[in-house]
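Some notes on the structure that comes next.
The values are calculated or read from the model by the stated rules, or taken from the named source; none is laboratory data. The structure presented is a predicted model; accordingly, all values stated were derived computationally and were not measured. For neighbour counting, all protein chains shown are included, and Cβ atoms are generated from backbone atoms with ideal geometry for every residue, glycine included.
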Amino acid sequence: MKLSRLAPAVLAVAVMVAGVPFFGEPYEIATVSDGGTIKGKVLFQGSPPAKRKVIPTKDRETCGSGVREVDQILLGPDNAVQEAVVYLTGIGKGKAWEKPAATPHIDNVKCDFKPHVQVISAGDFEIVNSDPVLHNTHGFYGKLTAFNVALPNQGQRIKRQLKKPGIVRVECDAHGWMLGWVYVADTPYYALTAKDGTFTIKDVPPGSYTLVAWQEYTGEAEIPVTVKAKEVVPVTVELKK
């Protein structure tokens, strides 16, 4: 599912099944005995953008008092893109979800979100405050609120659920410079690129799909990919602004 398809008008027509909204047919778990593997790399095309300047305006003992420069896109050698979300569309059934070792979470740490970008399956999600100041952590699907949680106490953890697939932009209503991203996947065929821009997606049922790569500065790029039984498919995705 393309992230851009999760506009408010589309969200409004989500079907309700047992109280849980979903888009189209739900993903079906099935045995994949002849799956292939996609091994790829995400590259940035063009000159790196200027860094975003962050100037803390409150709670400076925790947040810092000087100007910070934040990369809008993390690049490695040869313009390899780090922390890009990569996923396949068009898969109705396939391998089982991997169970996370712990509940996925986002942490407020020195007035920054950790991790900055993550991919999770739909379900429980924790918002954590490691700072000794109030954070109001606010997540959005487009303009629709996904969660809105006030955490006045250090060490506080509050659990919410993210049930809808798509990108969630996370902000802090108390510290307007804070920004994080959570991609809620609708199938287990996804990856987050490493520091060298590489990714691997395994156990893909043979067939033709669309591979989508997303990064917060560039947005999406997509390419067609055909996977054959038990073969490795090399791909390169280029992002540009």
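Values as computed for the structure displayed
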read-out	value
Total residues in the stretch 39-61, condition over 30 Å from Val232 (Cα atoms), over 22 Å from the mean Cα position of the chain (by Cα) and not in a strand (DSSP E or B)	9
Single residue of Ala174, Ala229, Ala194, Ala146 found to be among the small types (Gly, Ala, Ser), closer than 25 Å to Pro100 by Cβ and outside any strand (DSSP E or B)	Ala194
Within the stretch 187-208, tally of residues that are under 13 Å from the mean Cα position of the chain (by Cα) and of a type in the set (Lys, Arg)	0
In the stretch 89-128, residue nearest to Val170 (Cα to Cα) [restricted to those that are touching a Ser or Thr at 6+ places or on another chain (Cβ under 6 Å) and among the β-branched types (Val, Ile, Thr)]	Ile127
Residues satisfying the stated conditions in the stretch 62-79, i.e. in a loop (DSSP other than H, G, I, E, B) and not small (Gly, Ala, Ser)	Val67, Asp71, Gln72, Ile73
Single residue of the stretch 64-95 satisfying the filter (charged (D, E, K, R) and surrounded by 14 or more Cβ atoms within 10 Å (Cβ to Cβ)) that is nearest to the chain's Cα centre (by Cα)	Glu83
Number of the exception - Lys99 against (1) under 26 Å from Tyr217 (Cα atoms); (2) at pLDDT below 95; (3) out of contact with any Phe, Trp or Tyr (no Cβ under 9 Å at 6 or more places or on another chain); (4) among the basic types (Lys, Arg)	(1)
Filter pass, Val184 being surrounded by 21 or more Cβ atoms within 10 Å (Cβ to Cβ), under 20 Å from the mean Cα position of the chain (by Cα) and farther than 30 Å from Val128 by Cα	no
Residue satisfying all of: in the stretch 17-38; surrounded by 15 or more Cβ atoms within 10 Å (Cβ to Cβ), at pLDDT 95 or above and not in a loop (DSSP other than H, G, I, E, B); nearest to the chain's Cα centre (by Cα) among these	Ile38
Residue that is modelled with pLDDT of 95 or more and either surrounded by fewer than 12 Cβ atoms within 10 Å (Cβ to Cβ) or farther than 28 Å from Glu222 by Cα (or both), where the choices are Lys110, Lys114	Lys110
Scan of the stretch 85-115 for residues that are charged (D, E, K, R) and outside any strand (DSSP E or B), ordered by number	Lys95, Glu98, Lys99, Lys110, Asp112
Positions within the stretch 52-63 being modelled with pLDDT of 95 or more and either surrounded by 14 or more Cβ atoms within 10 Å (Cβ to Cβ) or within 25 Å of Val42 (Cα to Cα) (or both), in sequence order	Asp59, Thr62, Cys63
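For every residue, the table says whether it meets (1) farther than 25 Å from Arg68 by Cβ; (2) in contact (Cβ under 8 Å) with a residue 12 or more places away in the chain; (3) among the polar types (S, T, N, Q).
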position	(1), (2), (3)
Trp177	no, yes, no
Val182	no, yes, no
Ala191	yes, yes, no
Val204	yes, yes, no
Thr210	yes, yes, yes
Ala213	yes, yes, no
Glu222	yes, yes, no
Val225	yes, yes, no
